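Notes follow once the structure below has been shown.
The values are calculated or read from the model by the stated rules, or taken from the named source; none is laboratory data. Just so we're clear, the structure is a prediction, and the values are computed from it rather than from any experiment. Cβ placement follows ideal geometry from the backbone for every residue including glycine, while neighbour counts extend to all protein chains displayed.
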Amino acid sequence: MHYASIVMLIVEAFSLFTQQSLPACKPVLTPEWVVEIVERYDIGCVPEPFRIDKVPKYMKAPIYIYYQLENYYQNHRRYVKSRSDKQLLHGQNEHGISSCQPVEVNNDRPIIPCGLIAWSLFNDTFTFIRNRAELKVNRKNIAWKSDREHKFGKNVYPFNFQNGTLIGGGKLNPTIPLSDQEDLIVWMRTSALPSFRKLYGRIEKDLDVDDVVVVHLMNNYNTYSFGGKKKLVLSTTSWLGGKNDFLGLAYVFIGSSSVTIAVVFTLLHLLSPRH
Amino acid sequence: MAAASSRKRKGKIRWSKLYSFAACFRPLTSEERPAARELIGQPGFSRVVFCNEPHLHKRKPYKYPYNYISTTKYNVLTFLPRALFEQFRRVANFYFLLAAIFSLFSLAPFSRASLIAPLVFVVGISMLKEAVEDWHRFLQDLDVNNRTVKTHISNGVFVDKLWKELRVGDVVKVNKGEYFPSDLLLLSSSYEDGVCYVETMNLDGETNLKIKRCLEASLCLNEDEEFSKFKATVHCEDPNPNLYTFVGNIEFEKESYPLSPSQLLLRDSKLRNTDYIYGVVIFSGHDTKAVRNSTRSPSKRSRIERKMDHIIYILFSMLVLVSLVSSFGSLLYLRQDMVDWWYLQLPDDNKVNDLDDSNSEKYDDRFFNPSKPVQSAGLQFIRALILYGYLIPISLYVSIEVVKVLQTMLINKDIELYDDVTCKSVQARTSNLNEELGQVEMILSDKTGTLTCNQMEFRKCSIAGLSYGGDITEVDLAASMRMNTDFEPFEFSIDETDGATRSFEPFEFSVSSFSAQNGNARLTKTEGPVIKGFNFRDDRLTNKNWIHGSNLFDITMFFRVMALCHTGIPLEDDNHKTDKLSYEAESPEEVSFLIASQEFGFQFCRRTQSLMVLKEFDPSSMKEVEREYKLLNLLEFSSSRKRMSVIVSNEDGQIFLLCKGADSIIFDRLADNGKAYEQATTMHLSSYAEDGLRTLAFAFRTIEAAEYESWNTIFTQAKATIGPEREELLEQASEMIEKDLILLGVVAVEDKLQKGVPECIDKLAQAGLKIWLLTGDKRETAINIGFACSLLRQDMKQFHLSLSRDAESNNQVKDMKEDILQQIESSYKMVCEERNKEAPFGLVIDGKALEIALRGDVKDEFLQLAVNCASVICCRVSPKQKALITRLVKQYTGKTTLAIGDGANDVGMIQEADIGVGISGMEGMQAVMAGDLSLPQFRFLERLLIVHGHWCYQRISKMVLYFVYKNVAFGLTLFYYELYTSFSGEVLYDDWYMTMFNVMLTSLPVIALGVLEQDVSSDICLQFPALYQQGPRNVHFSWSRIIGWILNGVVSSLVIFLANIYILSPTAMRENGFVADIDSLGAITYTCIIWTVNCQIALITSHFTWIQHLSIWGSILLWYIFLLVYGALPPNFSGNAFQVLVEGIGSAPLYWMITVLVVVVSLLPYFIHIVIQRSYFPMDDHIIQEMEQCYKKYDVRDNEMWVREQRNSQRSTRIGFSARVDAKILSFNQQLQQKKLSIYRSVTNSPIYRSITTSPFS
């Protein structure tokens, strides 16, 4: 029996070979350009639709939508510490939320999710329209899987959130568990630097060159008081992530200078050897 | 039993009588210092001792301490506070203590445990080490304190009592070979005249026995029973450290007698050649002179460690600086921008003021309080101090302790440093001086027991103008050997140009090499059984072959002098297996003479009061006959007379004066017909002396009976005289008879050097070390040893500093000072004038002169002179002076000193020097206990310093520098990140990453480096001793290097941080569009750091074993494993690091690309630096490494280049065997040149030559 199955396997593999249909990877040697569109949208105070006149190059799906904040210190120590991982996972718990200061309780009841980070949730929204048809934005799977599954509870629902006198950022739908509130999860992975992008969603349709995309946005989030900037970014990615020339340039520069130095030393060594 | 006791009795008579002859030259100590007696009862001289009534000393005012001694640093109560104080005197420890305290008030950015635990660990380990060391000291004390001694209790009964229970006033009985338990007043001895022999080697390093003599009045107290009613009162000086003075008197049977140092037996000295003595305890325990002479062992720290403190200061200033920047930045942000950041919910300045007090009290974030910005900034400052604490490598101290312990273990285990004879190996007792071994510039060495084995060997003699025992010195041998190899090519070139030289040149050399081989053959041919004290190989004399000699009478007389002119006695209690006897005498020299004469067939077998019996080999009958010689007079040896004579009459009634003494003294007293061999003997003398042998000339004269009678009356008269002129009269009397001598010859004895000492000194000299010899022994002995060790040589200009007799007799400090100053100045002038010449200078100074020379205003001149001399020998120096010289040399030159010695007299110097080394081969353990290391033999110093010292120095300096580098590289990234977080104090890395940094992820490679790194192998170290100079010149730990490494750290941190920031922000880092958050950035940056610092150490390491590979690459791997495991823990534990590798960064190709890029870029500056350095500015070790590499491949060690490099790498030295050989070659060459010239002249003057040159063709 066993022999038979093994023989079968071999035959099958052989037929794959003879039929030239072995699984293969096809390295595409033509450079795969990452296309990125960055638009600042908070110059005017009034929320109004703006247009991306022309898509500069063909953008292959998925196209990632980011909002970019500048001069926003999400890495401030006071801010970073102001959260309770325990509460996010286990929910209603009077204890372990002291770390959420100063946003822990309101009207003597704990806030879920507590802390400054959650309280200042980004709440601008964008809709994209191409050729008068709305581009569907996929807003699922924008957060880490491990976050959704292990750090934000499936049975934890927002409670007593943004009910105080001071309203920070966005509100949460109290009927959706935290593990499905991906905007919150993304927001709560605090950024390392004061200028940062966060994933908003994906457009799963290709954009052609010279496509005109109109963005309707709700400019809710207050960055004016501290002089921050808000930008909208559409970008494709490659295996190295988004558009970043620094790495490539650095590699080229270091590689070439290493070669130069090597040549120089070899010449020096040949022309005027030691001793 | 009966036989033994009768023999004891016999011995008693002999010894006592023998020395009653000699009594004439003993200084009259009691009359010596009449002024001293008046001092009794004055302040400083108030001690009262009630002999045999120790109970009186239990109460005040006569309460003195027990004989208990303690050398421990701490006791149970003081240990904790004192040891802690010692620990927190270290700057870094103090800083971490502060950090720990702050963490208690939650001011620190890290958890309390992560700050307190390492501190407790570091301090705990160091304190444990202290405790163990002190425990060993305690055990040693316990051992000494629990020795027993026979003590009188009552009614003449003596029982064993522990040393520590002895009290002042106790009467004790000390037996032969025992140490004195405390300072004793000698009451009586087993000899009738109350003398005893004391070995003080442990105290002052002098090897010859000292005679102590009790008072006449107490002579009768020589039986146990006598002490039942004995009572006496001693008034004497208070305890003091002066070994050579003692003032006091004793009231005994209603009479008062003055006491002198010759009645005082000092603790730590040993009873020798005397069966027993009775004594009464005068000073006990810590009052004894030996203990007073000892100083507390200081805790020593190595130079690198001290410099490390400065590095810590630098890093600390960096820390304070960046902390200040942080706190100011925080202040600025707080006052200007932060209140606008609504997402922080900071209360607005104005709002706070508007709100009622309760609200502002509720406001609890002390770090960001806009209403109290200065306070907030202050708190931020403290937090920053702790946050950037990674700049200060706390684990450096732990790592260094660990590394040093491992290094010490490796040194102790080194098989090359193991002595098979004593079965001992090197023991590093404290591990904190390993690297100091690589920086030693000066060695201060004791002589006896350190360089020599305190054993005399009969080596050579010259009898009747013929030298026996090999006439080629080893220097000549080596010089001629090397000239043959060295000058062959040179010779060759001459051959072609000048045919005339050819005829004699090879001949000249062949003679020298032939005679050398010949001499060698003669030396090695007759390999008989080894006889202790007799290292003489010459078959012309041994095996009774001397009977074939030409001057039989002179030879016989020579042997008779050797066998009769001495103070020794044969030891009879040997088991009579052989007919050979062994002897005991005042000095080991005499013993060696007696053994030698026995070997030649003149066995000295008995001595009675007036008779000496020899078993002589009679050449005419070819049989051994026993002959008796009547001992008529004995004119004893003294340091001023420098000779000793006996007057004997043989069986035929012929009277002979047999004399031995220093050659100059004997030569002055030769008869006109006695100078037959003077010229030949003088030549031999100088060659013996150059080999470092101690020489004595032998002479004799026959005395007519009438002449003897008349002289004897004068002599007896002189002896009977009482009063100050007695000595002078005796001197005159002996001068009268010791004249018109007939020279027989000279003997040369070797103060036997320990194995390998000259070679070791040679190597050390080549390595550029200076060696000073400090000995308590006589000047002559010291100089002999100087020659034997090649510290001195014939063509060296020697300066002898000593007090002139006038100055000494006047006893005026001012005169003496002027005298010495003048000598120093004239010598120094000469040094300055002749500095350029080849001949080096040697300085010999004795203890008394040194005492003046080391005084405040003279010492600078003295040290200036001494430092400019190639070798310095200090003789007759006391233990205190040894320590003082060491301290002054250390202070004056600022160089690292190493003191090496074996006895208690070296303890001071051992403790004072930067490194103290005790020789563990001999008995006393004091030096070993005081030392930082102990060696079984001096010769191991070579490998210890040149190999282990060099290695440890390299290792520790590389290690410290690397530590600084890695902490700067890591610590600064924390600071840079602060710039991007508005100085809020947020940390880029997870707490656990940071804790792991010094503990696991970077510690093993650096420990492997510190323990196993070898720039070159041990063989190469020894072959290129000049490599050692890297240590004293401190090339590996210079400030430029330190700054360089700090800068390298700064560059690396900048590269790491900036590259990460620019690459990872703000775009997506993965194909799925995810961006790097704070945790991803932290993990990626941290990965880059781990890779960079570990690859950096791979670049530093030049000696890769699998351990290095494992530790370096293992550490990197460990980081990934850690990240994986930590990330797999539930989020409760791992927090934001949850799944960071698996989901966050590991799957992003960018992560790995960044790592490669950053590692390459951050290591590039260092890499370029070493490439340039190695190609264009190579250091010694680089060249040698390369050569080693080359020659490993081709295996041609004897390649010309190799030898040349090796020669070059030896530092041109002025002392040591090689230097002597060089000097010899120079003089050979000069002689050769002269000979060539003279031959050329003779040839050119010869008629044949003329006829050729004036040929008709010309």
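Tabulated data
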| quantity | calculated |
| --- | --- |
| Looking only at the stretch B:197-215, and only at residues there that are among the charged types (D, E, K, R) and not in a strand (DSSP E or B), the one that is modelled with the highest pLDDT | B:ASP204 |
| Contacts under 7 angstrom Cβ, first residue in the stretch B:717-736 being among the basic types (Lys, Arg), partner modelled with pLDDT under 75 and surrounded by 11 or more Cβ atoms within 10 Å (Cβ to Cβ), 6 or more apart | B:LYS719/B:CYS24 |
| Meets criteria (at pLDDT 85 or above, touching a strand residue (DSSP E or B) at 6+ places or on another chain (Cβ under 9 Å) and part of a helix (DSSP H, G or I)) for B:LEU773 | no |
| In the stretch A:130-175, the residues that are among the aromatic types (Phe, Trp, Tyr) and under 30 Å from A:ASP208 (Cα atoms) | A:TRP144 |
| In the stretch B:715-761, the residues that are under 30 Å from B:ILE443 (Cβ atoms), at pLDDT 85 or above and part of a strand (DSSP E or B) | B:ALA748, B:VAL749 |
| Residue within the stretch B:1199-1216 that is farther than 30 Å from B:LEU773 by Cα and either of a type in the set (Phe, Trp, Tyr) or modelled with pLDDT of 80 or more (or both) present | yes |
| Qualifying residues in the stretch A:189-226 (those that are farther than 18 Å from B:ALA1068 by Cβ and buried (at least 20 other Cβ atoms within 10 Å of the Cβ)) - the one farthest from the other protein chains (Cβ to nearest Cβ) | A:VAL213 |
| Test for A:LEU240: is it within 12 Å of another protein chain (Cβ to nearest Cβ), in contact with a helix residue (DSSP H, G or I) (Cβ under 6 Å, 6 or more places away or on another chain) and surrounded by 12 or more Cβ atoms within 10 Å (Cβ to Cβ) | yes |
| So B:VAL968, is it under 24 Å from B:LEU315 (Cβ atoms) and buried (at least 23 other Cβ atoms within 10 Å of the Cβ) | yes |
| Residue tally, condition in a helix (DSSP H, G or I), touching a residue at least 24 places away in the same chain (Cβ under 8 Å) and within 20 Å of B:MET127 (Cα to Cα), over the stretch B:44-83 | 2 |
| Unmet requirement for A:ASP180, which otherwise passes all of (1) free of Cβ contacts under 8 Å to residues at least 60 places away in the same chain; (2) farther than 25 Å from A:LYS136 by Cβ; (3) among the charged types (D, E, K, R); (4) surrounded by 14 or more Cβ atoms within 10 Å (Cβ to Cβ) | (2) |
| Residue list for the stretch B:628-657, filter: buried (at least 17 other Cβ atoms within 10 Å of the Cβ), charged (D, E, K, R) and in a strand (DSSP E or B) | B:ARG643 |
| Qualifying residue in the stretch B:980-992 (condition: of a type outside the set (D, E, K, R), within 14 Å of another protein chain (Cβ to nearest Cβ) and part of a helix (DSSP H, G or I)) | yes |
| Selection within the stretch B:1069-1111 - part of a helix (DSSP H, G or I), among the aromatic types (Phe, Trp, Tyr) and within 14 Å of another protein chain (Cβ to nearest Cβ) | B:TYR1086 |
| Conditions (1) under 23 Å from A:LYS151 (Cβ atoms); (2) of a type in the set (A, V, I, L, M); (3) away from chain A (no Cβ under 13 Å); (4) buried (at least 21 other Cβ atoms within 10 Å of the Cβ); number of the one not met by B:VAL1140 | (3) |
| Any hit, the stretch A:143-156, residues being in contact (Cβ under 8 Å) with a residue 40 or more places away in the chain, in a helix (DSSP H, G or I) and in contact with a Leu (Cβ under 8 Å, 6 or more places away or on another chain) | yes |
| Flag for A:TYR79 being at pLDDT 85 or above and either more than 9 Å from chain B (Cβ to nearest Cβ) or part of a helix (DSSP H, G or I) (or both) | yes |
| Search result, residues across the stretch B:1123-1141 that are in contact with a helix residue (DSSP H, G or I) (Cβ under 6 Å, 6 or more places away or on another chain) and outside any loop (DSSP other than H, G, I, E, B) | B:LEU1123, B:LEU1124, B:TYR1126, B:GLY1127, B:PRO1131, B:SER1134, B:ASN1136, B:ALA1137, B:VAL1140, B:LEU1141 |
| Tally, over the stretch A:145-188, of residues that are farther than 20 Å from B:SER1134 by Cα and within 11 Å of chain B (Cβ to nearest Cβ) | 5 |
| Any hit, the stretch B:146-158, residues being of a type in the set (D, E, K, R) and under 27 Å from B:GLU305 (Cβ atoms) | no |
| Condition check for A:THR237: hydroxyl-bearing (Ser, Thr, Tyr), touching a residue at least 24 places away in the same chain (Cβ under 8 Å) and in contact with a Leu (Cβ under 9 Å, 6 or more places away or on another chain) | no |
| Set B:THR542, B:THR578, B:THR608: member being at pLDDT below 80, in contact with a Gly (Cβ under 8 Å, 6 or more places away or on another chain) and either surrounded by 15 or more Cβ atoms within 10 Å (Cβ to Cβ) or of a type outside the set (A, V, I, L, M) (or both) | B:THR542 |
| Given (1) buried (at least 24 other Cβ atoms within 10 Å of the Cβ); (2) away from every other protein chain (no Cβ under 14 Å); (3) outside any loop (DSSP other than H, G, I, E, B), number of the condition B:ASN454 does not satisfy | (1) |
| Which listed residue, of A:TYR72, A:TYR67, is closer than 23 Å to A:GLY201 by Cβ, modelled with pLDDT of 85 or more, facing chain B (nearest Cβ under 8 Å) and surrounded by 17 or more Cβ atoms within 10 Å (Cβ to Cβ) | A:TYR72 |
| Checking B:PRO1066 against (1) at pLDDT below 90; (2) more than 28 Å from B:LEU410 (Cα to Cα); (3) assigned to a helix (DSSP H, G or I), the condition it does not meet | (3) |
| Helices (runs of 4 or more DSSP H) fully within the stretch B:352-435 counting 3 or more residues that are of a type in the set (A, V, I, L, M) and at pLDDT below 80 | none |
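The rows are residues; the columns are (1) crowded, with 24+ Cβ neighbours inside 10 Å; (2) assigned to a helix (DSSP H, G or I); (3) within 14 Å of chain A (Cβ to nearest Cβ).
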{"position": "B:MET929", "(1), (2), (3)": "no, yes, no"}
{"position": "B:CYS952", "(1), (2), (3)": "yes, yes, no"}
{"position": "B:PRO1005", "(1), (2), (3)": "yes, yes, no"}
{"position": "B:VAL1011", "(1), (2), (3)": "no, yes, no"}
{"position": "B:GLN1014", "(1), (2), (3)": "no, no, no"}
{"position": "B:LEU1022", "(1), (2), (3)": "no, yes, no"}
